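The values are calculated or read from the model by the stated rules, or taken from the named source; none is laboratory data. Note that the structure is predicted; figures quoted are calculated from it, not measured. Note that each Cβ is placed from the backbone with ideal geometry, even for glycine, and that neighbours are counted across all protein chains shown.
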Amino acid sequence: GQVSTLSRFRGALVGAVLGDCIGGEFEGAEDVPFDRVLQHLSGLEDDTRGDGILQYSDDTAMMRCVSHSLLTRTGFDEQDMARRFAKEYSLAPGRGYGSGVVQVLRKLASPQLSDVFQPAQAQFGGRGSFGNGGAMRAAPFALAFKNAADVRRYSRLGAMLTHSCSLGYNGAVLQALAVHLSLQVISSSLLNLAEFPYCARLHKVKELMERNGASIEEVISELGNGIAALESVPTAIFCVLHCLEAREGLPEHYGGLERTIAYSLALGGDTDTIACMAGAIAGAHYGILAIPQSWQRSCEGAEEADQLAERLYKLYHLERPED
Ligand code: F2R
Ligand code: MG
Ligand code: MG
């Protein structure tokens, strides 16, 4: 049946949080056999096991800041967003942040700072970060702005608060545009989104899809599963497209969103972040009803993400002067 737009908004944000919480188990593992992934996921379905709640990491912590900032300011405000990142880090520094970005977050806390983009520009000897930290938190930009040009513009600026290298912020733009398109339609149009070097990776995504039976090893070697945006954003897009249909090794009763999260985990590497990004894109496509209730109950922040998505839905539909 038809998936409503509100359901897609809720699916996007809740899907992202679940990817982060569920994927955290395997972050840094080389690759993960399907039976370990399925064991982890079946544990979420068993309410009596009492594993407690899966905690979210930096991915969700920063995505919450992006959502709250866009909602409170009814649009993008770099000062406000930077302040929220810094405050969130100071209150909960143990959420597994990248080792470089913590220096930016500490500098952003300084009341003397006038240019909030400057700390990011000083990273890595002035080259800026190419990490996927801008991309992992980019989904709310697609939920706050209707127009693709705005999604592109503000997701880029939002990422540049911590990631000034073009690979870092363009990864965020690609992720935000992928969610933007998935709110309406999911198709090979996702593969025409980017410029070099991301377009070269998206060509590889297309080749792997055409091969149809690509192995996990081939996907890792051709697309990557690492902490760099270039080695994870196209990979997340591949996970979504690959899991549009049933896949060997995954239970037949799984729907597309469950397959996408499971497959993202099986790649190993930066599993929380790849599952978070793939979860956002897949959630925007399938909608909230495709996400098992038991998975939602198992994850810290899922309920709040659902509420934030409803508020972003209203912001998205707000008539703004420039519309
Ligand atoms: N940090 C992690 N995972 C590591 C293990 C954490 C563990 N679970 C724990 O609890 O301790 N995950 C999170 O970090 C990723 C997002 O990182 P972000 O925000 O992009 O950070 P950063 O520091 O800017 O970049 C990450 C690393 O990439 C390398 N790097 C980036 N730019 C570079 C450059 N220009 N030159 C050389 N190296 C560069 C550095 O090693 C950075 O530390 C997500 O996975 C999130 O989940
Ligand atoms: Mg993380
Ligand atoms: Mg990660």
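Observations on the structure shown:
Table: residues versus (1) closer than 22 Å to Leu6 by Cα; (2) modelled with pLDDT of 95 or more.
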{"site": "Arg152", "(1), (2)": "yes, yes"}
{"site": "Gly158", "(1), (2)": "no, yes"}
{"site": "His163", "(1), (2)": "no, yes"}
{"site": "Ala178", "(1), (2)": "yes, yes"}
{"site": "Ile186", "(1), (2)": "yes, no"}
{"site": "Phe196", "(1), (2)": "no, no"}
{"site": "Glu218", "(1), (2)": "no, yes"}
{"site": "Ser221", "(1), (2)": "no, yes"}
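- When every residue of segment 94-103 is checked against the conditions, none turns out to be within 19 Å of the chain's Cα centre (by Cα) and closer than 27 Å to Gly256 by Cα.
- Scanning segment 226-251 for residues that are more than 11 Å from Phe34 (Cβ to Cβ), touching a residue at least 24 places away in the same chain (Cβ under 8 Å) and away from ligand 1 (no atom under 14 Å from the Cβ) yields Pro234, Ile237, Phe238, Cys239, Val240, Leu241, His242, Cys243, Leu244.
- Residue count for segment 216-233, restricted to those that are buried (at least 21 other Cβ atoms within 10 Å of the Cβ) and farther than 14 Å from Gly134 by Cα: 4
- Segment 5-31, residues that are touching an Asp or Glu at 6+ places or on another chain (Cβ under 9 Å) and in a loop (DSSP other than H, G, I, E, B): Glu27, Gly28, Asp31
- Qualifying positions in segment 118-132 - surrounded by 15 or more Cβ atoms within 10 Å (Cβ to Cβ) and part of a loop (DSSP other than H, G, I, E, B): Gly128, Ser129, Phe130, Asn132
- Selection within segment 94-124 - more than 19 Å from Ser155 (Cα to Cα) and within 16 Å of ligand 3 (Cβ to nearest atom): Gly94, Arg95, Gly96, Tyr97, Gly98, Ser99, Gly100, Val102
- Taken together, Tyr263, Tyr254 contain a single residue that is among the aromatic types (Phe, Trp, Tyr), away from ligand 1 (no atom under 16 Å from the Cβ) and part of a helix (DSSP H, G or I), which is Tyr263.
- Scanning segment 35-50 for residues that are of a type outside the set (Val, Ile, Thr) and modelled with pLDDT of 95 or more, we see that the one that is nearest to ligand 2 (Cβ to nearest atom) is His40.
- For Arg84: the one exception among (1) at negative phi; (2) within 13 Å of ligand 1 (Cβ to nearest atom): (2)
- Within segment 85-103, not a single residue is farther than 22 Å from Asp270 by Cβ, out of contact with any Gly (no Cβ under 7 Å at 6 or more places or on another chain), assigned to a loop (DSSP other than H, G, I, E, B) and at pLDDT 95 or above.
- Pairs where the first residue, in segment 205-219, is in a loop (DSSP other than H, G, I, E, B) and the second is at pLDDT 95 or above and not aromatic (Phe, Trp, Tyr), C-beta under 6 Å, 6+ apart: Ala214/Leu208
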